[in-house]
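**Q** First the structure, which I've put down as structure tokens, then a few questions once you've had a look.
Please treat every number below as a calculation from the coordinates, not as lab data. What you see is a predicted model; the values in this text were computed from it and never measured. Using ideal geometry, Cβ is built from the backbone for each residue, glycine included, and neighbour counts are taken over all protein chains shown.
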Amino acid sequence: MSKKLLTTILAISLVVPAAFAKKAINEKPVVNDNRVQVLTPDGRQVPNNQVRVQKYDAQGLEVVPVKTRPNPSVGAADATREDPLWNLKHVDDNAEYYLGSGGAGDTFAIVFNPAAPAVVKEVYSQWYSAGNCNAFGADYSAGAASLSPDGECSTILRGESPYSPIGQMRTTITPNSIDGYHADWTYPLDIGGEFIVGDSTDLSNVPPFVIAFVKGGNTPQPLANSTDGVGGVTYTWFGGPWNSTTTYPWGRYSGQTDISMLVKVTYPWGAPISVQTLSQMNNTYNTTGPFTVVADLFDDPDDSGMAIDSNDEIVFHYTVNGGGEVTGSLTASSIGADGNGLYSYDISGNFAVGDVIEYWISTVDNDGLESTSITLGFSIKEPANPDADLLIIADGANDNQQAIDLYRMAADDAGLVYEYWVISDESGIDASVINAGWTNIIVYGWGNKTVPAIATETDPGYATFMDNGGDLILVDQDWFFGHGLDANITFAAGDFAYDYFGLGSGTNDPVDANNVSTADTVLLGFGVTPMDSPFTDGVTLNHTIYGTTNYGDPIDVANGTAIFAGQNDGLTYGA
């Protein structure tokens, strides 16, 4: 690789362009709400930032990947904390699929588990298409509870349950007319009123409840999330005429998805401390730490206005290789006057290659209500090829890219020794890996997350690598989308895109009135570098074999050098 060849190919791979066609899903594990209760079957909280996205094949029912623009994140101390309503949902804020099966009379029933006795106030849902449905709230049935006490139905296949999850009706069945596509939490679902869940005199024994809707026809089609980040756990039941040929009328819709639905509740009798986010530490070459784990904690304020204070017990736990527990107190990092906000804990020590470190948080609030987060973990590793001078990073790569890995194929053919790091498998990357001694790095993927674009993003170590003379190539036609940038972006000094790639501005997924990409599909190399010189006569990009349109992102250079332009539009697509 030529020295300091800082190449950003935002259109597509140049050797086999179809291998980098736009994927229909984009991982965006963003916390959009401050009070989220996502619970596993054992009652542990799953922080919303742990929900990951991965493409799956449909099994039995239609699970169709779609592209939705990432919804903006809401900071830990923003005004939403003043909202008296708490949010219950099993999903993150950005849908990746729509559920295409089901016709008139078919019912989707989503089971929710409040953290304490609650009042169900509002429901919001995300939709792919327009149509009519009837919605309502209900108790979770005793029959379904005998199969799954909390409503989790991933092991209850479609047509395998003789029991409906719908128990006693709690609201009036109410018609809803869905007017079209809605991919955020602004579209209410009218369930016919409010209702109380649980007994205010028994805060520890709260039953699940159900929000259901019956389709009026083949549409509307709900949007849904992948369940990969929670191990295939789903709370979406499906029953009706569509299951007329199965043994029984009910079961899960799919273990691959959960419907994008948000329920807002109040906890008038108190609620436990909620672990809103818990940072997932990546596998690492670092053997000493510190590994700083950050948690966003939230509790309801007491009469004095305090939510989290010395009257609450908050404990950080970790183990090494399943050994004895180490516990400690978290440090307030960025909290409000009521004590809600970000807390952190540093895991430090002398660790060995192969060690597995697991960690979690337990809490007891001033009302005696307990909660425990899920357990997360990471491993201490070392390079498989310590003599490698090339690191190949798959960041956001989909199945097709990893199955036909052009970069590893080329490196193997050339007899190069290299290290391979898959961001999704390793839960991220840090400076110990990026700066482990190689002088060349190729980052490829689809909606890259780890290479920063703007100054406010965290850089895990790429700037240091390049400042020390390293060569970096980024290949990703969806870099802007992966970072949730605006449709039109301007870069300036301090932004990674400006400082290291020389970009002055860019366009994020330009489309026409029919939502079809306007990006050029024939690129001409300028003959400036070894990267573009073989393509001065043009290279045609073909995305159609993946059933998608072309999602190339035009760019404008500032202090960089343009190396690719569209043959038809003349815009720059690589620098």
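**Q** In whole angstrom, how far apart do the alpha carbon centroids of region 427-488 and region 329-374 sit?
**A** Taking the Cα centre of region 329-374 as reference, the centre of region 427-488 is 28 Å away.
**Q** Let me ask something else about it. Hey, fewest Cβ within 10 Å first, where do Val320, Val475, Val516 land in order?
**A** Val516, Val320, Val475
**Q** In terms of the Cα gyration tensor, with a ≥ b ≥ c the square roots of its eigenvalues, is region 78-223 rounded because a/c is under 1.5, prolate because a/b exceeds b/c, or oblate?
**A** Oblate shape, in that a/c is at least 1.5 and b/c is the bigger or equal ratio.
**Q** Ok, one more. Net charge around Thr234, counting only other residues with Cβ within less than 10 Å of its Cβ (Lys, Arg = +1; Asp, Glu = -1)?
**A** Here the charged neighbours net out to -1.
**Q** Applying 1/(1 + (r/R0)^6) with R0 = 60 Å to the Cβ-Cβ distance of Thr246 and Asp486, what FRET efficiency is obtained, to the nearest 0.05?
**A** With a Förster radius of 60 Å, E is 0.80.
**Q** Ile156's amide H: which non-local residues (gap 5+, or another chain) put their own amide H closer than 5 Å, with H modeled 1.01 Å from N in plane and none for Pro or chain starts?
**A** HN-HN under 5 Å from Ile156: Arg252.
**Q** A follow-up question, please. Once phi is turned into θ = phi - 60°, what whole-Hz ³J(HN,Hα) does the Karplus curve with 6.51, -1.76 and 1.60 give for every residue of region 214-225, x standing for Gly and Pro?
**A** 3J(HN,Hα) across region 214-225, in whole Hz: 10, 6, x, x, 5, 10, x, 10, x, 7, 8, 9.
**Q** Something else about it: Report, by chain and number, residues whose modeled amide H sits under 5 Å from the one on Thr257, excluding near sequence neighbours (fewer than 5 apart, same chain).
**A** Placed amide hydrogens put Thr227 under 5 Å from Thr257.
**Q** Further question: Tell me, Thr363, Thr507 in order of fewest to most beta-carbon neighbours within 10 Å?
**A** Lowest to highest Cβ neighbour count: Thr507, Thr363.
**Q** Over region 358-442, what relative contact order in percent results from Cα pairs under 8 Å that are six or more residues apart?
**A** About 32 percent, as a whole number.
**Q** Going by how many other beta carbons lie within 10 Å of each one, how would you line up Arg252, Arg170, Arg158, fewest first?
**A** Arg170, Arg158, Arg252
**Q** Which net charge results for the neighbourhood of Ala436, defined as the other residues with beta-carbon distances under 12 angstrom from its beta-carbon, given Lys and Arg at +1 and Asp and Glu at -1?
**A** Around Ala436, the charge tally is -4.
**Q** While we're here: Please report the antiparallel percentage of the DSSP beta bridges confined to region 359-474, to the nearest 5.
**A** Taking every DSSP beta bridge within region 359-474, about 20 percent pair in antiparallel fashion.
**Q** Cβ under 14 Å from Val539's Cβ, Val539 left aside: what net charge do those residues give with Lys, Arg +1 and Asp, Glu -1?
**A** Local charge sum for Val539: -3.
**Q** OK, next. Amide H to amide H under 5 Å from Asn176: which residues, 5+ apart in sequence or cross-chain, H placed 1.01 Å off N in plane?
**A** Cys133, Asn134, Ala135
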